[in-house]
Amino acid sequence: MKSKKDVRILAYESSCDETSTSVVKNGREVESLIVATQIKSHQRFGGVVPEVASRHHIEVISQITKEALAKANATWQDIDAIAVTYGPGLVGALLIGVSAAKAASMATGIPLIGVDHIMGHIMAAQLETEIEYPALALQVSGGHTEIVLLKDPTHFEIVGDTRDDAAGEAYDKIGRVLGVQYPAGKTIDEWAHQGQDTFNFPRAMIDDSSYDFSFSGLKSAFINTCHHADQIHQELNKYDLAASFQAAVVDVLVTKTIRAIKQYQPKTFILGGGVAANLGLRKQMQTEITKLPDSMQPKVILPALKLCGDNAAMIGAAAYNLYNEGKFADLTLNADPSLELPYADSMLE
Ligand code: KG4
Ligand code: ZN
């Protein structure tokens, strides 16, 4: 049987502090992935400075477009669609990717696809293996903490969300108190593995009936503990602090996710977003899923660490699903800093 023509997508991601380009084949195979990180430029400010982010995106985007094509051994003639993150994120940062993608689409005549950043994080899983639907994702990053039901590759339903801070944001904020440079998640994760949960910080909303989260109380409890110790000149063990903070975050994330898996019984479970790189979270989630009865065990996809943080390959994966449905954008595509996932009705009945 004659095989269907391969679909190659050139994808752009510039929603925050990484400028990234990638060529993805058939939504599954990463032919090239370039990630130009700007973290060093933001570290001295303790967080991302939007104007600095936009300037860095402009500086590298043309160069990394060429690099992504060259590394994939591709020319514009080999590209079937140009995909770009158009929200949510920092508006000035998003605009650089959107403008680059639109310019390339206009110059070459290659169709354009606008992709939701969160949909991208979840579809990083598709680069690992096939997702069977319905699927359920825990999407945890610097800006979002959500439990998402996926009816199919393009229709999602948020069943739980954070009421205040995102999990990654909480990591970054408590990291600052411990003198860890932004972004603090990876270091806190490493420290947590060298300490014990001795502080027993609060696990907010762990037993309530919703799938929502709250991390600001935990953050305040952590900061108060450190300030109090400072005032009485007591030195606290940073490894135990990290382990206690991480245990509180992971307990809540895993408990609520397991309850959602029991209720919705998805065929696949996906962990997505920057915090999905957390080794404590990955381990505890896997352990608790294996304790579920056989009939409730979903296929588990934990994307490779390099696909958890912001990258354009995940945007190329998500764009392929939109391509298959003919969901193209035109040159009126604009950055939408508060874009929301495409809603799927009839999933919660
Ligand atoms: O998805 P991402 O790259 O950007 C957003 O879309 O927000 O996530 C970045 C977040 C940061 O808050 C960072 O501290 C956190 O992910 N992060 C981690 C780990 N690696 C990155 N948090 C906990 N443990 C990690 N190993
Ligand atoms: Zn992200």
Meets criteria (away from ligand 1 (no atom under 16 Å from the Cβ), surrounded by fewer than 21 Cβ atoms within 10 Å (Cβ to Cβ) and of a type outside the set (D, E)) for A103: yes
Quick one: D161 ticks every box in (1) closer than 15 Å to A221 by Cα; (2) within 16 Å of ligand 2 (Cβ to nearest atom); (3) not in a helix (DSSP H, G or I) except a single one, so which number is it? (1)
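To keep it simple, each residue is scored yes or no on (1) farther than 30 Å from K5 by Cα; (2) at pLDDT 95 or above; (3) not β-branched (V, I, T).
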position	(1), (2), (3)
Q43	yes, no, yes
H56	yes, no, yes
N73	no, yes, yes
M106	no, yes, yes
P111	no, yes, yes
V115	no, yes, no
Restricting to segment 90-129, and then to whatever is assigned to a loop (DSSP other than H, G, I, E, B) and in contact (Cβ under 8 Å) with a residue 12 or more places away in the chain, can you tell me which residue is farthest from L341 (Cα to Cα)? I110
List pairs: first residue in segment 170-199 and part of a helix (DSSP H, G or I) and among the charged types (D, E, K, R), second residue at pLDDT 95 or above and open to solvent by 70 Å² or more (accessible area, probe 1.4 Å) anywhere in the structure, Cβ distance under 9 angstrom, at least six positions apart or on different chains. D189/L279; E190/L279
Scan segment 308-327 for residues that are surrounded by 15 or more Cβ atoms within 10 Å (Cβ to Cβ) and more than 16 Å from ligand 2 (Cβ to nearest atom) and jot them down. Y320, N321, L322, Y323
When restricted to A243, A221, A248, the only residue at pLDDT 95 or above, assigned to a helix (DSSP H, G or I), farther than 17 Å from D172 by Cβ and touching a helix residue (DSSP H, G or I) at 6+ places or on another chain (Cβ under 9 Å) is A243
Residues of segment 66-87 satisfying the condition of being open to solvent by 10 Å² or more (accessible area, probe 1.4 Å) and not aliphatic (A, V, I, L, M): K66, E67, K71, N73, T75, W76, Q77, D78, D80, Y86
Subset of segment 293-307 that is away from ligand 1 (no atom under 13 Å from the Cβ) and open to solvent by less than 30 Å² (accessible area, probe 1.4 Å) - its residue that is nearest to the chain's Cα centre (by Cα): I301
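Does T290 meet the test of being surrounded by 19 or more Cβ atoms within 10 Å (Cβ to Cβ) and not aromatic (F, W, Y)? Talk me through it step by step, then tell me what you get.
On the way: surrounded by 19 or more Cβ atoms within 10 Å (Cβ to Cβ): no; not aromatic (F, W, Y): yes.
When the stated conditions are applied, T290 does not pass them.
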Answer with yes or no whether S216 is surrounded by 20 or more Cβ atoms within 10 Å (Cβ to Cβ), more than 10 Å from ligand 1 (Cβ to nearest atom) and at pLDDT 95 or above. no
Find all pairs meeting these conditions: Cβ atoms under 6 angstrom apart; at least six residues apart or on different chains; first residue within segment 261-285 and touching a residue at least 24 places away in the same chain (Cβ under 8 Å) and closer than 24 Å to G142 by Cα; second residue in a helix (DSSP H, G or I) and open to solvent by 40 Å² or more (accessible area, probe 1.4 Å). A277/L305
Could you look through segment 1-38, keep only residues that are under 20 Å from the mean Cα position of the chain (by Cα) and open to solvent by 40 Å² or more (accessible area, probe 1.4 Å), and pick out the one that is farthest from M123 (Cα to Cα)? T37
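The values are calculated or read from the model by the stated rules, or taken from the named source; none is laboratory data. Worth saying up front: this structure is predicted, and the values here are computed from it rather than measured. Ideal geometry is used to build each Cβ from the backbone, glycine not excepted, and the neighbour counts take in all protein chains shown. In case anyone asks, the SASA skips ligands and DNA or RNA and just uses the protein heavy atoms, side chains included. Shrake-Rupley method; radii C 1.70, N 1.55, O 1.52, S 1.80 Å.
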